[in-house]
1. Between Ser235 and Ala110, take the C-beta separation as r, use R0 = 51 Å, and let me know the FRET efficiency to the nearest 0.05.
2. Set the Förster radius R0 to 30 Å, insert the Cβ-Cβ distance between Val158 and Val124 as r into 1/(1 + (r/R0)^6), and round the FRET efficiency to 0.05.
3. Asp285 to Val298: extension gain in nm, 0.36 nm per residue of separation minus the Cα-Cα distance?
4. Considering amide H positions built from the backbone, and no H for Pro or chain starts, which residues 5 or more places from Arg299, or on another chain, come under 5 Å of its amide H?
5. For Lys156, give me every one of the aspartates and glutamates with a C-alpha distance below 19 angstrom, ignoring sequence neighbours fewer than eight places off in its own chain.
6. Which of rounded, prolate, oblate describes region 252-310, given a ≥ b ≥ c as roots of the alpha-carbon gyration tensor eigenvalues and a/c under 1.5 marking rounded, otherwise prolate only if a/b is larger than b/c?
7. Could you work out how far apart the two model spin labels at Lys183 and Lys258 are, taking each label as a point 7 Å from the Cα in the direction of the beta carbon, and quote it in nm?
8. Do the alpha carbons of any pairs in Lys100/Lys163; Lys81/Lys183; Lys81/Lys163; Lys183/Lys258 sit beyond 32 Å of each other, and which pairs?
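Laboratory data are not the source of any read-out in this text; all were calculated from the coordinates shown. Here the structure is a predicted model, which is why all the values come from computation and not from measurement. Every residue, glycine as well, gets a Cβ built from its backbone with ideal geometry; the counts of neighbours run over all protein chains shown.
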Amino acid sequence: MASKVIAMKLISAVIAVVEGRPVNVTQLCRDVGVSRPTFYRLLDRYRDEGLAGLEPKSRRPHTSPNQTSLAVEEMIVRIRKQLEEDGLDYGAITIWWHLKDCELSGPVPAPATIHRILVRRGQVEPAPKKRPKSSFIRFEAPAPNDLWQIDAMDWKIVTGIVKVFNIVDDHSRLAARSRAVEKATTEQAWITFGQASQRWGLPLDEFCHIYNTQRRHQGISGQIPIDRFNASNPSGPATRPLPHPTWPGQPRPVTVNKTGNIRVGSYIINIGIKWAHNDALVLIDDNHASVFIDDHLVRHLKLDTSHRYQPSGNPRGGPRHPRLQS
């Protein structure tokens with residue numbers, strides 16, 4: 001009964017039998033792909049109900065003992081609304097964790113069921129199909145404080161949009177610091193990092209407290225970050241300083257000429273006219289050169305051994321600097 005043609009052939013045969021016309025039931029069942037008991041069930045339904053008895057019957061059970069109750073559905077919607085108002089994650093898995101803590105009288109609906117309820121209630125906006133999680137390769141630091149992650153996100157408040165820095169411990173997902181700033185600058189990132197390094201900030205704000213001690217994290221199988229952070233010995237600084245890099249050659253003192261060039265061995269390297277008449281130190285490492293002025297690296301380049309002159313590499317046609325007089 002997979003197509004309209006087969007269904008009509010079967011119906012015609014049922015009607016023909018009732019009207020007393022000869023039908024090869026065995027051959028018919030073989031042709032349409034049904035069993036003889038199925039044919040005779042249709043025959044009985046036609047005799048009892050007429051054509052209405054030949055319409056497809058729903059296989060849905062008359063009762064659904066495992067269907068989520070209206071009270072639980074209302075609780076799911078309330079939990080989602082409260083989480084959203086608190087600025088926390090309000091996905092199906094997070095709601096599932098909260099329902100498990102509510103000690104329901106019946107079974108807790110699965111995350112997939114919770115998601116379907118939210119979709120049916122108009123609580124979920126359609127989103128583009130995402131890359132499956134199974135395609136990601138997850139790296140995880142072996143111990144707390146071994147690796148931190150930092151990022152910045154936009155957050156809307158009453159006065160407008162601010163940037164929020166978040167520093168998270170890679171192993172435990174503990175929020176070491178969460179801080180709002182007007183602009184996500186390098187200076188503000190370092191300030192946030194410095195505060196996090198002093199025991200997660202002084203003191204932890206409300207968001208970090210909830211994130212670290214109450215919220216279950218999907219990335220660590222529903223564990224609470226503070227529990228996982230305390231479960232292992234954190235990493236610390238090395239017991240001895242790292243070795244200082246060594247250079248194969250001695251620094252070469254040179255003076256930048258009035259055209260912004262320096263001469264090192266057989267090479268002429270362009271540094272820039274703004275450095276004219278400055279003293280510099282040059283370090284040559286195989287076919288790489290590093291040029292320092294006042295302890296600042298002003299140029300690092302790979303030497304083109306096929307040419308004597310090493311240009312700046314900047315695009316031509318930019319603003320020209322006046323040539324200084326000697």
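1. For Ser235 and Ala110, the calculated efficiency is 0.85.
2. E between Val158 and Val124, to the nearest 0.05, is 0.65.
3. On the way: separation 13, 0.36 × 13 = 4.68 nm, distance 1.62 nm.
Full extension of this stretch gives 3.1 nm more.
4. Result for Arg299 returns Val291.
5. Correct list for Lys156: Glu84, Glu85, Asp86, Asp89, Glu182, Asp205, Glu206.
6. Working: a/c = 1.87, a/b = 1.31, b/c = 1.42.
Verdict is oblate for region 252-310.
7. 4.0
8. Over 32 Å apart, Cα to Cα: Lys100/Lys163; Lys183/Lys258.
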